[in-house]
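Report on one structure; see the data block that follows.
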Amino acid sequence: MWQSISSLDFSPFVLSFKLASVTTLILLFLSIPIAWKLSQSRSRLKPFWEAILALPIVLPPSVLGFYILIALSQYSTLGAFFSESFDIKLTFSFTGLVIASCFYSIPFMIQPIQGGFESLPPNMLEASYIAGKSKFITLLRVALPNIKPALLTAIIITFAHTVGEFGVVLMVGGSIPGETKVASVAIYEMVETMNYDAAYIYSGIMVFISFIVLLIVYLFNQKQSRKIGGFGR
Amino acid sequence: MITIDISKKLLSFELSIKLEIPNGSFIALSGASGSGKSTLLRMLAGLESAHGEIVVDGKVWLDRDTHVAPQHREIGFVFQDYALFPNMTVEENLLFVKYDHTLAKHLLEITKLETLKGQYPDRLSGGQKQRVSLCRAMMRRPKLLLMDEPLSALDPDMREKLQREILALHKEFKTTTILVSHDPSEIYRLSSRVVQLELGNIVADGSPKEILLGSKSSQKFSFEGEVLEIVQIDIMYVAIISIGQQLVEVVISSREASHLKVGDKIQVGTKAFAPSIRVIS
């Protein structure tokens, strides 16, 4: 058993975590302004935007993967542009995986942050405007510091969800070792080739890591709610 | 001088207000809930849109093609629910508005909060929070201080203390102030002019004496209360009535007893020929 563990290739895990880290970082900076805008919006178009941004939760990964594959392929305008101008291939590459993951995971980043912003008392933000502070300064110094639990939840759930993705990654990235072969894809291949010993170990590791991540979120949230009972969850 | 001539269509009525406020005055805004008091305050702060004109010391805050943002109106606002920033200490809450240590220190001294300046708001009592909120509103040395029922969530003792501090601050800074309040004693103590609203219109405007005492109640004690219990003692009936924070027993006739029932809202009155007055504090 131990021998088989030491002979295992852990690069799919490394790749999964690299992909999740990059995706989480990009989505964090992308989602804060979007979530802020949505939380402050009284527009009639708001439900329309919310529905679009929540689509990745309900769509089958194959549908999402198919569209992204078409949009990024070398025959598309976007794909051709990147390929010709920067010599970057968007499909079956790590870059493509990051783009696909961002689409796939964006609701998991936006929704907790938006919920956090919406739970802030409107008076608190108005007090900041009356104090002469712009919307941007208010976001930075009043809104964000008071939704820390929501931010942490969003970051960890997005990270975990990206580690756990399979369908989109397989369609857009394929299974190139060290480039696009993430843990979930690796496990799928092990099962297909009836390499059950390795599949057991890989799956066990995934269950363990996912559990620890979720445990941290819930422990932290419990601690926060005892401390302030406040905003942002 | 602040000149206000604004209107806005609300759900069930139209708010339409015309007011001139000399600098340094302290105005109480009263009226039943839903009469548009808070909306008027929010319109003055620029938090809500309105039609018409607001001119402050010659500067236009609102007219046909101007709507100065709340950020640029030089106002202080005290909310009923304090609206402090939970992520900042008492002192940081003040300095966030304006980085002026001297003024912050001075305000905290007036309101006796210096010892609490390093605390976070969640550690403070309601009265302390509202003091912080008041200091924070003064940090900009506002042209206009707006207070939306700032003391209604506090107990009577705390309310009185804060009223004294509000007066002290008003004396020192001479800030033009508009206070929304339901409490007649508070209005009487603080304001020099009362404006009464009803369904979005001004129905009375005058000194607290004129508005609150009126003519019909002169020479009379008259209090509103609620009947808690009616007890029969031999041939006598005694009603136990709650008036404000006090319980009183009033002897009533059997005829009155038959008309009254527990829970009735009533008015207790008597001619005040020779009431006794004793100092208690």
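The values are calculated or read from the model by the stated rules, or taken from the named source; none is laboratory data. No experiment lies behind these values; they were computed from the predicted model shown. Quick reminder, even Gly has a Cβ in these numbers, built from the backbone with ideal geometry, and neighbours come from all protein chains shown.
The number of residues in segment B:29-49 being within 14 Å of another protein chain (Cβ to nearest Cβ), out of contact with any Asp or Glu (no Cβ under 8 Å at 6 or more places or on another chain) and either among the basic types (Lys, Arg) or surrounded by 22 or more Cβ atoms within 10 Å (Cβ to Cβ) (or both) comes to 3. Only a single item in (1) touching a residue at least 12 places away in the same chain (Cβ under 8 Å); (2) more than 14 Å from chain B (Cβ to nearest Cβ); (3) in a helix (DSSP H, G or I) is not met by A:Phe81, and it is number (1).
Selection within segment A:139-172: residues that are surrounded by fewer than 22 Cβ atoms within 10 Å (Cβ to Cβ) and within 12 Å of chain B (Cβ to nearest Cβ). The member of this set that is farthest from B:Val78 (Cα to Cα) is A:Lys148. Does any residue in segment A:27-44 that is touching a residue at least 24 places away in the same chain (Cβ under 8 Å) and on the phi < 0 side of the Ramachandran plot come within less than 9 Å, Cβ to Cβ, of a residue that is in a loop (DSSP other than H, G, I, E, B) and not charged (D, E, K, R) six or more places away or on a different chain, and which pairs are these? Correct list of pairs: A:Ser39/A:Leu120. Residues of segment A:117-138 being in contact with a Leu (Cβ under 7 Å, 6 or more places away or on another chain) and more than 7 Å from every other protein chain (Cβ to nearest Cβ), which ones? The one that is in contact with a Leu (Cβ under 7 Å, 6 or more places away or on another chain) and more than 7 Å from every other protein chain (Cβ to nearest Cβ): A:Thr138.
Listed here are the residues, each with its yes/no results for (1) within 11 Å of chain A (Cβ to nearest Cβ); (2) over 19 Å from the mean Cα position of the chain (by Cα); (3) part of a loop (DSSP other than H, G, I, E, B); (4) at pLDDT 95 or above.
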| residue | (1), (2), (3), (4) |
| --- | --- |
| B:Glu109 | no, yes, no, no |
| B:Lys112 | no, yes, yes, no |
| B:Ser133 | yes, no, no, yes |
| B:Leu151 | no, no, yes, no |
| B:Glu160 | no, no, no, no |
| B:Glu165 | no, no, no, no |
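Based on what the data block shows, is A:Lys181 within 14 Å of chain B (Cβ to nearest Cβ) and either part of a helix (DSSP H, G or I) or among the charged types (D, E, K, R) (or both)? Judged against the criteria, A:Lys181 is not a match. In this structure, does A:Ile176 turn out to be part of a loop (DSSP other than H, G, I, E, B) and more than 11 Å from chain B (Cβ to nearest Cβ)? Yes; evaluated as a whole, the condition is true for this residue.
Evaluating A:Gln74 against the criteria (1) part of a helix (DSSP H, G or I); (2) surrounded by fewer than 16 Cβ atoms within 10 Å (Cβ to Cβ) leaves one unmet condition, (1).
Just the residues that are at the interface with chain A (Cβ under 8 Å from one of its Cβ atoms), without any contact (Cβ under 8 Å) to a residue 40 or more places away in the chain and either surrounded by fewer than 19 Cβ atoms within 10 Å (Cβ to Cβ) or among the charged types (D, E, K, R) (or both), please, taken from segment B:66-86. Residues satisfying the conditions are B:Ala69, B:Gln71, B:His72, B:Pro86.
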